[in-house]
Amino acid sequence: MSVNLKKTVVVLGGGVLGVSTALELTKRGAQVTLVTEAELCSGASGRSLSWLNSAGERTLPYHALRMAGIDRYRTLFAQDPTREWLRFDGGLCWAANDATGTRARHAYEKVHGYDSHLVDADGVAAVDSRVNPRVVADAAIFNPGEGWVSLPHLIEFLAQQFRDLGGEVVEQAGKADVLTENGRACGIRSADKGELRADAVLVACGPWTPDVVAPLGVTIPNGSPVSMLVISQPTAHGLKVVMNTPRAAIRPNPGSTLAADHDWYEEDIVQQPDGRYTIAESVVDKLMQEAGALVGDGTALQAASWKLGPKPIPGDGNPVLGELESVPGCFVAFTHSGATLALIVGELLADEILTGEKHPMLATFRAERFG
């Protein structure tokens with residue numbers, strides 16, 4: 001413990017993976033500074049649907065990690081079931097005009113012990129009476145163990161604990177690089193806050209993580225697309241489940257709002273010369289029509305706000321987690337499933353950073369798999 005008390009760590013990235021790991025490090029006695037380019041939750045975590053699940057097909061190690069991630073959220077939920085930003089009311093999904101594909105997905109989930117139920121329109125009504133029966137496919141999947149979290153609220157909750165334990169948050173630091181000395185990470189240099197020295201560095205910069213480690217000679221393929229999350233105006237929607245459907249994915253959100261996203265409009269997103277992303281308001285309205293059609297009588301939702309930017313996805317779709325073999329002392333956290341994995345990854349990475357012992361659950365997710 002005396003070693004851990006003296007260990008200093010800089011966490012680069014103010015999203016949910018960075019904040020979660022920073023808190024876990026601090027709980028274990030480390031001296032931690034969390035540095036973020038802008039404000040906390042100003043990147044991908046602020047525009048995530050944050051559906052807590054391990055549905056569909058993926059590798060067994062990835063499935064096991066996601067299930068452990070959901071387990072940690074269930075512990076958090078049990079501590080205070082009244083939180084409006086973390087719920088476990090299940091998830092519904094179906095494919096477009098493909099009952100065969102839906103049944104195949106259900107069969108795959110059952111084989112792997114995932115709680116999966118094949119339902120028809122009547123079954124959907126029993127799951128959540130606020131789902132519009134006119135849009136339900138011939139076959140849908142209900143996964144009762146799934147849930148959702150509002151990452152801005154979770155980050156605020158975790159960051160307050162981090163500060164209370166003595167952790168330091170440095171916002172508006174600008175772009176940052178990892179510093180090395182004798183081949184080992186020794187801190188970071190940020191554009192607006194200068195240098196910070198440390199015994200270890202965690203790079204958790206969402207879709208920009210590959211760019212941050214590239215100057216270190218580390219190549220991580222980046223498959224991050226540009227996406228959008230829309231928050232509706234408050235409405236008495238009454239919806240409980242998360243829904244993943246052919247034209248819209250939606251979930252409840254604090255303040256009687258709904259969060260919505262999908263991918264069919266990605267080609268309509270335009271990057272401006274200053275780097276900002278924009279989209280025609282008519283496209284936002286179309287998504288709100290598709291989302292509204294799923295709820296109640298099908299009335300279109302009204303958008304209150306929307307955010308656009310890259311969605312972090314490693315090139316092969318699997319997480320990249322742990323220490324870089326070629327740069328000791330530099331750790332990375334880069335994954336599409338940042339919401340589902342945030343709490344468990346924070347624990348596992350904090351242990352690795354402070355003990356040097358590699359956790360077997362992360363064995364297949366090291367950056368070195370890319371060569």
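Below, the figures for the structure above:
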| quantity | calculated |
| --- | --- |
| Accessible surface, per residue, of segment 49-127 when the full set of protein chains is kept, probe 1.4 Å, Å² | 49 Å² |
| Gain on full stretching of the segment that runs from GLU368 to THR100 - 0.36 nm per residue minus C-alpha separation | 92.7 nm |
| Longest DSSP-loop-exposure-free segment, GluC sites (Glu not before Pro), the chain, at most 11 other Cβ within 10 Å | 58-324 |
| For segment 292-342, alpha-carbon Rg over 2.2 N^0.38 Å | 1.87 |
| Under the Debye formula (equal points on every Cα, no solvent term), log10 I(q)/I(0) of segment 79-153 at q = 0.18, 0.27 Å⁻¹ | -0.77, -1.20 |
| Within segment 59-142: Cβ-based charge dipole about Cα centre, in debye rounded to nearest 20 (Lys, Arg +1; Asp, Glu -1) | 220 debye |
| Euclidean distance between Cα centres, segment 60-88 to segment 94-125, Å | 22 Å |
| Of VAL230, VAL170, VAL35, the one that fluctuates the most in a GNM where the chain has Cα springs shorter than 10 Å | VAL170 |
| Fraction of beta bridges assigned by DSSP in the chain that are antiparallel (%, nearest 5) | 70 percent |
| Scaled radius of gyration (Cα, divided by 2.2 N^0.38 Å) that segment 25-165 gives | 1.26 |
| Given charges at beta-carbon only (K, R positive; D, E negative), |dipole| of segment 193-290 in Debye | 380 debye |
| Whole-number percent relative contact order across the chain, with pairs defined as alpha carbons under 8 Å at least 6 apart | 24 percent |
| Cα centre as origin, Lys/Arg/Asp/Glu Cβ charges: segment 300-371 dipole, Debye | 400 debye |
| Selection from TRP85, TYR265, ALA137, by position along the positive dipole direction of the chain (Cβ) | TRP85 |
| Of all accessible heavy-atom area on the chain, the percent that carbon and sulfur account for (1.4 Å) | 49 percent |
| Inter-label distance for TRP264 and THR59, nm, one decimal - labels placed 7 Å from Cα along Cα-to-Cβ | 3.3 nm |
| Exposed trypsin sites (Lys or Arg not before Pro) absent: longest stretch of the chain, with sites in DSSP loops and at most 14 other Cβ within 10 Å deemed exposed | 1-174 |
| Globularity ratio of segment 117-250, using Cα Rg and 2.2 N^0.38 Å | 1.57 |
| For segment 221-318, alpha-carbon Rg and Dmax in angstrom | 14.1, 44 |
| Fluctuation leader among ASN97, ASN222, ASN132 - the chain, Gaussian network, Cα springs under 10 angstrom | ASN97 |
| For the chain, built as a Gaussian network whose Cα springs stay under 10 Å, the top-fluctuating residue of GLY183, GLY167, GLY315 | GLY183 |
| Reachable lysines, given that their alpha-carbon falls under 27 Å from the alpha-carbon of LYS311 and they are not under 8 places away in the same chain | LYS175, LYS193, LYS240, LYS286 |
| Formal net charge of residues neighbouring VAL212 (Cβ-Cβ distance under 10 Å; K, R +1; D, E -1) | -1 |
| Local electrostatic count at LEU349 - Lys and Arg +1, Asp and Glu -1, tallied over other residues with Cβ under 13 Å | -2 |
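The values are calculated or read from the model by the stated rules, or taken from the named source; none is laboratory data. These figures come from a predicted structure and were not determined experimentally. Virtual Cβ from ideal backbone geometry, glycine too; neighbours counted across all protein chains shown. With ligands, DNA and RNA removed, areas are computed over all heavy atoms of the protein, side chains included. Shrake-Rupley method; radii C 1.70, N 1.55, O 1.52, S 1.80 Å.
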